Amino acid sequence: MTANHDSTTAHGEPELSDSLKTFGAVMKALREAARLTQEEFAPRVRYSAAYIAKIEQGRRFPPEDLPERAADALGPVAGKVLAAAARSLRRRAGLASWFLQWAGIEEEAITLFAYECRGIPGLLQTEGYIRAVFDRRLPPLAEEQFEQQVAARLMRQELLAERPNTSFSFIIEQAILERQLGGADVTAALIDNLLVQGGRRNVEILVMPLKQPDHSGVDGQLYLAETPCNSWFGYVEGHDSSTLLTDPRLVSAMLQRYGKMRSQALSHEATVGLLKQMRGAL
């Protein structure tokens, strides 16, 4: 998505802040005191073992509801300890407060849909495009903030490789590419990346043509995620703000709109053809 933020080192690994490592160590100690392995603990809190491992290593910001879920698995005292540890966390640089809740859902999603009419979804952006986006951020970012947010967005893209069993679907307006944000070279690299990522077995990338009289995306961008428990959530972003939609009626309407847009966008073959044509014209 266009506003995904995380904090990483210069080498692309998540920044291991003391507070995140402390939280992870506390959770690990409580889990081991209950004589549970990560594989045994994970389903009890409805997260994957890999995700639990990253939290214990201090590589992931814990979801807001993790202490409550842990209380059911480890007992009320353990839940209170984790809740206190969570409150003491210093938020990672580059991770917007309004993005935290969706970030946790996205990490665990077994299905992720995205429709963008404003910018390329964060999971598909190249470094050049990311820099072009943040270079135009107002108010301007300090150099350290700039580099942190670039590294953060690049790290989030690991989801595409880390979750081969998750189905990713992206619908992107052709106008976004025609705009050539950052210039022709940035756009060329971006199109190359779309062709590569769209070749993954679990990734679908469709372009919505410039001219489409029958268009169901008039309400703007939208994101949808299906959790391992087969619950669906919707998500939309605005100016430094966001809304997580949990009402089944609203999410159902978003799913219907997304399904309709899939039929209105170019097919996979037509999308590849258009992208190659645009790439050749640069």
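The values are calculated or read from the model by the stated rules, or taken from the named source; none is laboratory data. All of these numbers come straight from a predicted model, not from anything done at the bench. Note: ideal-geometry Cβ built from the backbone for every residue, glycine included; neighbour counts use all protein chains shown.
From the set of residues in the range 25-50 that are crowded, with 21+ Cβ neighbours inside 10 Å and touching a Lys or Arg at 6+ places or on another chain (Cβ under 7 Å), which is farthest from GLU226 (Cα to Cα)? Only one residue fits best here, namely PHE41. Can you tell me which residues in the range 149-173 are touching a Lys or Arg at 6+ places or on another chain (Cβ under 9 Å) and either in contact (Cβ under 8 Å) with a residue 60 or more places away in the chain or of a type in the set (Ser, Thr, Tyr) (or both)? Matches in the range 149-173: GLN149, ALA152, SER169, ILE171. Please work out if VAL133 is of a type in the set (Val, Ile, Thr), farther than 22 Å from GLU204 by Cα and in contact with a helix residue (DSSP H, G or I) (Cβ under 7 Å, 6 or more places away or on another chain). Here the answer is no, as VAL133 does not meet what is asked. Across the range 159-217, what is the total count of residues that are of a type in the set (Ser, Thr, Tyr) and either closer than 14 Å to GLN264 by Cβ or in contact with a Phe, Trp or Tyr (Cβ under 6 Å, 6 or more places away or on another chain) (or both)? Going through the range 159-217 one residue at a time, the tally reaches 2. For the range 175-184, check the following and say yes or no: at least one residue is over 15 Å from ARG118 (Cα atoms) and modelled with pLDDT of 95 or more. Within the range 175-184, one or more residues are over 15 Å from ARG118 (Cα atoms) and modelled with pLDDT of 95 or more.
Can you find a residue in the range 192-202 that is aliphatic (A, V, I, L, M), touching a residue at least 40 places away in the same chain (Cβ under 8 Å), under 20 Å from THR126 (Cα atoms) and in the same structural domain as ARG118 (by TED's automatic domain parsing)? Within the range 192-202, one or more residues are aliphatic (A, V, I, L, M), touching a residue at least 40 places away in the same chain (Cβ under 8 Å), under 20 Å from THR126 (Cα atoms) and in the same structural domain as ARG118 (by TED's automatic domain parsing). If the condition is being in contact (Cβ under 8 Å) with a residue 12 or more places away in the chain and within 23 Å of LEU194 (Cβ to Cβ), then the range 237-269 contributes GLU237, ARG257, TYR258, LYS260, MET261, ARG262, GLN264, ALA265, LEU266, SER267, HIS268. For ALA151, the criteria (1) at pLDDT below 95; (2) surrounded by fewer than 15 Cβ atoms within 10 Å (Cβ to Cβ) hold in every case but one, which is (2). Tell me whether the range 226-249 contains one or more residues that are over 17 Å from the mean Cα position of the chain (by Cα), more than 28 Å from GLU108 (Cβ to Cβ) and not in a helix (DSSP H, G or I). No: zero hits. In the range 240-251 there is no residue matching the filter, namely being in the same structural domain as ALA103 (by TED's automatic domain parsing), under 20 Å from GLU173 (Cβ atoms) and of a type outside the set (Ser, Thr, Tyr).
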